[in-house]
Every structure is written in C-alpha cells, then in structure tokens.
Amino acid sequence: MKATPNADLYRKLPSVDELLRQPELVRLAARDGHTVLTDAARATLARLREEIAAGKLDADGVNLAIAGLPDAVERRLRQALSYSLRPVINATGVILHTNLGRAPLGAGALDHIRETAVAYSNLEFDLASGERGKRDVHVDRLLHKLLAQVSETPVSTLVVNNNAAAVLLALNSLAEGGEVVVSRGELVEIGGSFRIPDVMAKSNANLREVGTTNRTRMTDYERAINEKTRLLLRVHRSNFEITGFTEQPALDQLVGLSRERNIPLMEDLGSGALFDLRAVGINDEPSVLDSLRAGVDVVTYSGDKLLGGPQAGLLSGRPDLIARMRSNSLFRALRVDKLTYASLEATLLAYVKQDHDAIPALRMMHLTRGDIRRRGEVLAAQPHSSRLLVEIIDGDSVVGGGSAPSAVLSTSLLAVTCDGLSAEDLSKSLRNSNPPIIVRVEEGRVLLDLRTVFPEQDGLISAALKQISET
C-alpha cells in the first residue's frame, strides 16, 4: 500500500511519553501533577495531527512546532488550570448586563462575604437564646426598617434563589389547586425562554387569563373571580413596553378589588428598586415601596437588579402570607446560602445608612454625562499608535437586566477605530485582552461607555488599546 503524503510528518511527532520526559515538562509535572500535564500533552499533539491532516504544516513547519512543544504544552496546561469564570471590564454602558452577571457587589458586601465564608456563623443560631434560629432574620430585620414605614401593616420578607423561585413559591403556597387571575397582557417571557404561565403550571396553580394583550379592564377581573379564585396577580412588564391602544387598571383599583373580595393581591415586580428612580431621571418604573404603599399584599423582586445586590428572589408583604410560604417544604429547596445572606445583608445595610454610593449599580446610575466625559477625555489623551483614532461622542446608557426598558441615561462614548482592523476584529481583540473588555459595535466603530467601567479600570483599557494598535 502506498503511504500517504503526510505519513512522514506524523512519524516526526514524539509520543506522549517521550514528550513528558523533556526536562521542562518534568518540572511542570512536579509542580502541577502528572495527570493534568499528560492531558495537556495529548491535546497538544492531537492539535498538531489535525493541522498536518488539514495540510497546514509542511516538514519545516512540523520541525518548528516540535521545537516549541514544551511551551505549547505549558500554555495549554495554564489554560486548563485557570478559572473559566473570569472578571471582565463592562464597557457596554448596560448597567445590569445579564450576560455579565448583572449588579456588581460593593466593597462592604465583599468584606462581609469573606468574614462569613472563612469562619462559622450564626446562620441558623439565635445567639440570645442559644437555640436554633431562622436564617431569614438577618435580612428581614433590615427590610422591615426600609419597608414598614410605607405600609399600613407590618412587612415580613423571605429570600429564595431568584425572582422566578419567589413567584413559584408564592403561587404554590397561596394558590395551589385554585385559580390565579392575571391579565393576558402580563404573561411575559423572562430570560432563557422561561414564561410566567410555565412557572405557574409548575406551582400547581391554575391560570385564569383575563382581558386581551393590549387592553384589560377592571370588569375583566371582576367577572373572572369565582369560588376557586385564590389570588389576584399583577406582573410588571419590566423588560418591554406596550404602547398605543392600551388599557390597564391602576394598582389602587386592584388593591380595592382585592380587599372587597378578600382575595390577596400579589405583584411580580421583578426589578425591585428600593430607591426613587426619578432621582436619576428614570420615570414610570415602580419601586417596592410604591407597591407596598399602594396596599399590595405580596411583592416579589430580584436582588441583583435595581436593588444592586446578589442574585436572589425576595418576597415582601403581609406576615401571615409570608409565614405560609416559610412553612412550605418547597422553601427549603429554594432557599439561599450564607454567602448570599451576607452580601444581601451588607447591601441592605447600605440602604439603611442611605449610603447609595456604596452600591456600584446605583453609583453608576448617578453619574452625569459630564462626569463620564471628563474621564473619557483623559483616556483619549493617552499616547497611542497613529493607527488608533479615539473620538468622544454623545450617546445613551441603559439600565438593562429586564429593568426600566424604555429608560436611557445620557452619556459620553469613546468611539474607537484602528487602521487595518475592522470594528468586529477590534472588538474581538479587546475581548481577548487580559482582563477581557466587552464593548459595543455600531456603524463600523467600537464604542466604549465608561459609565459601567470602574475608574481604576480606565488604565487597563488604555493599555489594551495601545497594545492592539501597536501589534
């Protein structure tokens, strides 16, 4: 049989055992372990075989690759032993970027997480009595301070792992086997193709749709109520808007109907602001305080959106209804751990102290266009290659994360182009920087919004742009 043209090239490659006997790799094995090094060596050799098979390497190329095998194996080993979850620089201007982890945590939250993580804690231990305690007391006490002032009745709070879990727990606890009345225009789909009707089905509550997609009246709710009705549900459309020929009952009208018929009213608020968004120019986005002040019995909301804390789902409202959820066995499956409580407690403590600047997402919302432009001018003035053109233009930031969908915040953008690189190539190069820099690409330019970049990261952006333009 005639040998293939590549057979001689394959024979040049060392075996895995031969490769591992090289002095450089012997030292790596002693440091990182034989197993992971062997995997890296196998993968590196397999990659070379693929390149030979694809005709990408001739004899000289194979010789050069063989000479560089120890370095190649070490690079692959570093990659295999590095973290997959990495910090990135968010230069998109999307404050609550879902794909980038939503709200970054403040320094106080990080300190409290570390204090709680490296030692034992009183997570479920009552220090006063010496008996077993409840884990939710650590945040319930703070939310009681923040929310009780706007409600006619005392307010209790329960914490689960996200807002979808909060909705699931509430529906199962309050309406299992019964009907939940909700407007057809509020049957929203949230991230990852999860839909409110699907969550409701899993709760074993029965959906009773009323009205139409764009118009729902009070009479629709009134006609739908029967002996099977267990709950009235209002879902805030936090990630889209319906405009034009629309109608929706005011929240106080639903509260009135709830009290008249003695049926609890629950609002899935989603975004969960605990401060007045009008202070940063965002109107028509309800807060948790607004809902409780209006008389809603149970409000569900997220911890890592407008609240500015960790991923969590919070349920605040009437103590008797919250107690029913706490006693539901489903709560144990959905509850959060000590690290979430630690970061949430620290975030809420900042609200109690009215130290909103301690919460990064809120601090970013308060930045003015002038604040951002001044930082941009400093960055644009840094020395860089003549290939790079950096301009400052006006633009908009967004809140993101399924919150305040129509709200925009005026900002200044760095518009960057580089001779010899398309906007997509420049964007990719920035993603491949260390740390990765995530940007927007519009109209053939890379746009960087410093609203979502921490000031101490400005120098990293400047260095990355300089390195890319000089390569």
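The values are calculated or read from the model by the stated rules, or taken from the named source; none is laboratory data. No experiment lies behind these values; they were computed from the predicted model shown. FYI the Cβ positions are ideal-geometry reconstructions off the backbone, even for glycines, and counts take in every protein chain you see.
Details
- Residue match in the stretch 333-351 (condition: crowded, with 21+ Cβ neighbours inside 10 Å and outside any helix (DSSP H, G or I)): yes
- Some residue of the stretch 75-86 being closer than 30 Å to Ala7 by Cα, without any contact (Cβ under 8 Å) to a residue 40 or more places away in the chain and in a helix (DSSP H, G or I): yes
- Among residues of the stretch 111-129 that are polar (S, T, N, Q), those with a beta-carbon under 7 Å from a residue that is surrounded by 12 or more Cβ atoms within 10 Å (Cβ to Cβ) and in a helix (DSSP H, G or I) at least six positions away or on a different chain give the pairs Thr116/Lys338; Thr116/Leu339; Thr116/Ala342; Ser121/Lys338.
- Qualifying position, being in contact (Cβ under 8 Å) with a residue 12 or more places away in the chain, closer than 20 Å to Met266 by Cβ and in contact with a strand residue (DSSP E or B) (Cβ under 7 Å, 6 or more places away or on another chain), among Leu147, Leu100: Leu147
- Residue in the stretch 123-137 that is surrounded by the fewest Cβ atoms within 10 Å (Cβ to Cβ), counting only those that are farther than 16 Å from Arg332 by Cβ and among the small types (Gly, Ala, Ser): Ala128
- Residues that are under 23 Å from the mean Cα position of the chain (by Cα) and more than 25 Å from Ser291 (Cβ to Cβ) within the stretch 110-149 comprise Leu110, Asp111, His112, Ile113, Arg114, Thr116, Ala117, listed in sequence order.
- Within the stretch 79-93, at least one residue is under 26 Å from Ala407 (Cβ atoms), in contact with a His (Cβ under 7 Å, 6 or more places away or on another chain) and not hydroxyl-bearing (Ser, Thr, Tyr).
- Residue list for the stretch 63-102, restricted to those being touching a Ser or Thr at 6+ places or on another chain (Cβ under 9 Å) and surrounded by fewer than 17 Cβ atoms within 10 Å (Cβ to Cβ): Arg75
- Filter result for Arg374 (closer than 30 Å to Arg135 by Cα and assigned to a helix (DSSP H, G or I)): no
- Entirely in the stretch 138-235, the helices (runs of 4 or more DSSP H) that have 3 or more residues that are at pLDDT 90 or above and either surrounded by 21 or more Cβ atoms within 10 Å (Cβ to Cβ) or assigned by TED's automatic domain parsing to the domain that holds Ala294 (or both): 163-175
- The residue that is nearest to Arg363 (Cα to Cα), among those in the stretch 295-332 that are surrounded by fewer than 20 Cβ atoms within 10 Å (Cβ to Cβ) and small (Gly, Ala, Ser), is Gly295.
- Applying the condition of being within 20 Å of Ile95 (Cβ to Cβ) and in contact (Cβ under 8 Å) with a residue 40 or more places away in the chain to the stretch 371-392 and asking which residue is surrounded by the fewest Cβ atoms within 10 Å (Cβ to Cβ) yields Arg375.
- For the stretch 423-434, the criterion of being within 23 Å of Ala361 (Cα to Cα) and out of contact with any Ser or Thr (no Cβ under 8 Å at 6 or more places or on another chain) is met by at least one residue.
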